[in-house]
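The values are calculated or read from the model by the stated rules, or taken from the named source; none is laboratory data. Remember, it's a predicted structure, so these values are computed and weren't measured experimentally. Virtual Cβ from ideal backbone geometry, glycine too; neighbours counted across all protein chains shown.
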Amino acid sequence: MNSQNDLASLNAKLDSLIELIGRAVPLRAETPDWTSADAFVWVPDPGNLQAVKKVNRVELSLLCAVARVRDLLMDNTRRFAEGLPANNALLWGARGMGKSSLVKAAHAAINQERQSSDLKLIEIHREDIESLPGLMSLIRTAPFRFIIFCDDLSFDNDDTSYKSLKAVLEGGIEGRPDNVIFYATSNRRHLLPRDMIENERSTAINPAEAVEEKVSLSDRFGLWLGFHKCSQDDYLEMVRGYVAFHKLETPEEAWRPEALEWATTRGSRSGRVAYQFIQDLAGRLGKPLT
């Protein structure tokens with residue numbers, strides 16, 4: 001009886017040891033089938049890339065009122081796709097003005113220009129930023145070029161994961177791989193809340209150095225693209241573009257006052273508000289959006 005108890009106890013201890021080893025040794029990331037898609041989502045546990053067969057994006061031509069930043073991002077992305085020097089890009093500013101839509105549309109447009117799918121788009125969620133080194137090691141030697149994209153990137157008080165991002169972007173002993181560029185969108189120009197920066201200034205021995213440490217994260221992005229609130233004319237141009245693209249057979253004198261009232265009731269004008277109006281208009285007309 002004692003021997004059976006001892007054996008059961010030993011098995012239990014071995015099971016516990018195996019579980020501990022499994023936690024300590026990360027699973028080996030599987031190399032994805034790069035030909036299966038041109039866009040992926042990073043899943044940090046266990047460290048794999050999930051293919052996205054159909055990306056939720058709009059046509060580049062529909063991104064109105066952002067022509068200047070659109071051209072700058074397209075030029076930067078085109079150079080990167082061609083193997084030329086290019087900058088990490090931070091798209092910051094007003095909500096709903098097409099920041100993330102522009103990144104996805106630019107990626108698709110460049111691949112269409114080149115008649116190739118060699119430029120891959122990988123989305124990483126904000127909460128997974130600390131796993132960036134694992135993602136970099138997976139794609140560093142892949143025979144493709146990658147845009148790492150993080151939507152709505154920002155950091156709150158007591159959040160130190162921004163240091164991991166700084167190291168990956170330009171710091172660190174390995175640096176950013178030549179086949180990788182990082183695009184991020186944010187409502188904040190400096191990615192960190194003002195009170196966090198002010199608190200560092202007030203409590204640090206050297207306030208200037210503390211503020212520099214926080215602000216320097218944005219400096220890792222060589223290309224800053226600002227998105228500002230649109231005018232009424234810009235808003236109507238967006239609606240007009242959607243009406244034409246989706247072939248909504250209704251005269252402008254009919255939808256124009258409705259579009260203005262729609263924006264007024266929401267207290268803002270933006271590309272997102274324009275598209276929400278188009279969804280409502282198409283539904284009332286019995287016209288599906290393709």
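For segment 46-100, the tally of residues that are under 21 Å from Leu153 (Cα atoms) and acidic (Asp, Glu) stands at 0.
When restricted to residues that are part of a loop (DSSP other than H, G, I, E, B) and not β-branched (Val, Ile, Thr), segment 27-49 contains 12. Scanning segment 139-153 for residues that are in contact with a Pro (Cβ under 8 Å, 6 or more places away or on another chain) and surrounded by fewer than 19 Cβ atoms within 10 Å (Cβ to Cβ) gives a single hit, Arg140. Checking each residue in segment 240-290 for being of a type in the set (S, T, N, Q) and either touching an Asp or Glu at 6+ places or on another chain (Cβ under 7 Å) or more than 22 Å from Gly98 (Cα to Cα) (or both) picks out only Thr250. Checking every residue in segment 127-143 against the condition of being in the same structural domain as Met97 (by TED's automatic domain parsing), modelled with pLDDT under 85 and among the basic types (Lys, Arg) gives zero matches.
Within segment 50-161, which strands (runs of 3 or more DSSP E) (wholly inside it) include 3 or more residues that are closer than 30 Å to Val243 by Cβ and touching a helix residue (DSSP H, G or I) at 6+ places or on another chain (Cβ under 7 Å)?
On the way: elements: 89-93, 119-123, 145-150.
In segment 50-161, there are no strands (runs of 3 or more DSSP E) which contain 3 or more residues that are closer than 30 Å to Val243 by Cβ and touching a helix residue (DSSP H, G or I) at 6+ places or on another chain (Cβ under 7 Å).
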